[in-house]
Amino acid sequence: MLSLILAGEAIYIPVFHLNRYFKSSMLEVWNIDEDKLGDLFAVYGSVAMACYFLGGPLADKVSPKKLLATSLLATGAGSVYMASFPSFTNLYWLYAFWGASTVLLFWAPLIRATRQWGTSNGQGMAFGVLDAGRGLAAAVVASAAAGMFPAEENLSPDKLEITLKQLLWFYAAVNAGAAACVLAFVPNSSQITTPEAPVQYKSNLLQRLYQVLSSPTIWLQAVVIFSAYSVFRGFGYYGHYLEDAYDFDAKESASAISALTFIRFGAALVAGWFADRVLGVGRTLAVCFVLLIVVYGEFLASPDGLPVWLMLATLAASCLAMFGLRGIYFAPLESTGTPRELTGTAVGVICFVGFLPEIFMPKLCGRLVSNAREAGNVIVGYEQLFLILALLSLVGLTASWMLWRAER
């Protein structure tokens, strides 16, 4: 499981960490704005969407070990290429490549392997442990990266490029290490076999797709993930919000967001425990969405801003709910009775819909902030973003309640 945890976070570090923790530095080095950065992630998300769908059935047939290791090495190679500071046009191709390398051979095999690791009554904790470990790995890497960033303000362009190059090589090394762990410790299993397989498993791809697509709970899970992942993509703008609204410098905002990332470890474990032992999966998801609605409502009700300590506490509360959702939003696969033999296909369909925010949220967030900045009041852009996240949380709350009703 430790190898799955490390792999599950390492794969996304080159793609997202530079944007999440060092956004202003990235914008400066490539001389782009939030809108153009959103274009890069729209390209990434568009390719990823197709790969979620295509990779799902493949995960039911091929050993996760081979798929995961290949993805990690390819993604790390992309980080090495980015350290050469390619043109913005070539960044489009890199992010398209990453859309395939981080998803096609990776995501469905990771979920399938995690579901196999967990018991039928312990899926909340299985996925909670996975995301908690991923959160701890992300926080450690982010803290190490923040420590690599020079303390002085207003770095020269040359020094900033050297720093980002070191970070990108560091991210590549993390991926290579994760690939080595997968090859060494993940079992070399292929197709799942269980006593129920002769009855429930359809060998024909079209039959498997029909069985998955005809299940209402699959679509409800997709809506839950769609809402939760939209919030998570909004998290990428927390650091920039601190800089724009509270005058944090680049290092201060990176350190603050790194500290918030540590919440992911506890939030995922607590959510998994509540899902398995106390509330059930559907109600635990609903509680997390309620907390998000309250948090974004507080920001919207305070247009003049909150005291710094209260603002940080509110951001921490949103992270508690957001990371709790991420920890368990695949657990309904078991609680609603999706056959384990169809895990890869089901995950492919769920992710194709649920991770659509990968395409439009970066572009939307970037456009809101850029337009508000050009209009002279960047805070308005963040208020619009918080309103959208609150409404999406309401959608997720509704889907969670319906999943709770459907749980067996």
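Which ones in the stretch 364-408 are among the aliphatic types (A, V, I, L, M), surrounded by fewer than 17 Cβ atoms within 10 Å (Cβ to Cβ) and free of Cβ contacts under 8 Å to residues at least 24 places away in the same chain?
ALA375, VAL380, LEU391
Please verify whether the stretch 147-159 includes one or more residues that are surrounded by fewer than 16 Cβ atoms within 10 Å (Cβ to Cβ), in a helix (DSSP H, G or I) and either touching a Cys at 6+ places or on another chain (Cβ under 7 Å) or among the charged types (D, E, K, R) (or both).
There is at least one residue in the stretch 147-159 that is surrounded by fewer than 16 Cβ atoms within 10 Å (Cβ to Cβ), in a helix (DSSP H, G or I) and either touching a Cys at 6+ places or on another chain (Cβ under 7 Å) or among the charged types (D, E, K, R) (or both).
Looking at (1) of a type outside the set (S, T, N, Q); (2) part of a loop (DSSP other than H, G, I, E, B); (3) touching a residue at least 60 places away in the same chain (Cβ under 8 Å), which is the one condition that is false for LEU105?
Every listed condition holds for LEU105 apart from (3).
Consider the stretch 366-376. How many of its residues are among the hydrophobic types (A, V, I, L, M, F, W, C) and either out of contact with any helix residue (DSSP H, G or I) (no Cβ under 6 Å at 6 or more places or on another chain) or not in a helix (DSSP H, G or I) (or both)?
Looking only at that region, the number is 1.
Scan the stretch 4-38 residue by residue and report those that are more than 18 Å from the chain's Cα centre (by Cα) and of a type outside the set (Lys, Arg).
Hits for the stretch 4-38 are SER24, SER25, MET26, LEU27, GLU28, VAL29, TRP30, ASN31, ILE32, ASP33, GLU34, ASP35.
Go through (1) of a type outside the set (Asp, Glu); (2) surrounded by fewer than 24 Cβ atoms within 10 Å (Cβ to Cβ); (3) assigned to a helix (DSSP H, G or I) and name the single condition MET361 misses.
Condition not satisfied by MET361: (2).
Within the stretch 181-212, track down each residue that is of a type in the set (A, V, I, L, M, F, W, C), exposed (fewer than 15 other Cβ atoms within 10 Å of the Cβ) and either modelled with pLDDT of 85 or more or in contact with a Pro (Cβ under 7 Å, 6 or more places away or on another chain) (or both).
Selection gives ALA184, PHE185, LEU205.
Just a yes or no: is a residue in the stretch 223-236 within 21 Å of ASN19 (Cα to Cα) and at pLDDT below 80?
No, the stretch 223-236 contains no residue that is within 21 Å of ASN19 (Cα to Cα) and at pLDDT below 80.
List every residue pair whose Cβ atoms sit under 9 Å apart, with the two residues 6 or more apart in sequence or on different chains, where the first one lies in the stretch 30-56 and is of a type in the set (Val, Ile, Thr) and the second, anywhere, is crowded, with 22+ Cβ neighbours inside 10 Å.
Within 9 Å, the pairs are ILE32/LEU40; VAL43/TYR95; VAL43/GLY99; VAL47/TYR95; VAL47/TRP98; VAL47/GLY99; VAL47/VAL103; VAL47/LEU104.
Kindly evaluate LYS23 against the criterion of being surrounded by fewer than 23 Cβ atoms within 10 Å (Cβ to Cβ), more than 17 Å from ARG112 (Cα to Cα) and in contact with a His (Cβ under 7 Å, 6 or more places away or on another chain). Step through it out loud before you land on a result.
Working: surrounded by fewer than 23 Cβ atoms within 10 Å (Cβ to Cβ): yes; more than 17 Å from ARG112 (Cα to Cα): yes; in contact with a His (Cβ under 7 Å, 6 or more places away or on another chain): yes.
So LYS23 passes the test.
Listed residues THR314, THR345; which is assigned to a helix (DSSP H, G or I) and either in contact (Cβ under 8 Å) with a residue 60 or more places away in the chain or among the hydrophobic types (A, V, I, L, M, F, W, C) (or both)? Even if it seems obvious, please write down each step before you answer.
Numbers: THR314 fails: either in contact (Cβ under 8 Å) with a residue 60 or more places away in the chain or among the hydrophobic types (A, V, I, L, M, F, W, C) (or both).
Going through THR314, THR345 in turn, the sole match is THR345.
The values are calculated or read from the model by the stated rules, or taken from the named source; none is laboratory data. Since the model is a prediction, treat every value here as computed from it, not as a measurement. When we count neighbours, we look across all protein chains shown, and the Cβ atoms used for this are built from the backbone with ideal geometry, even at glycine.
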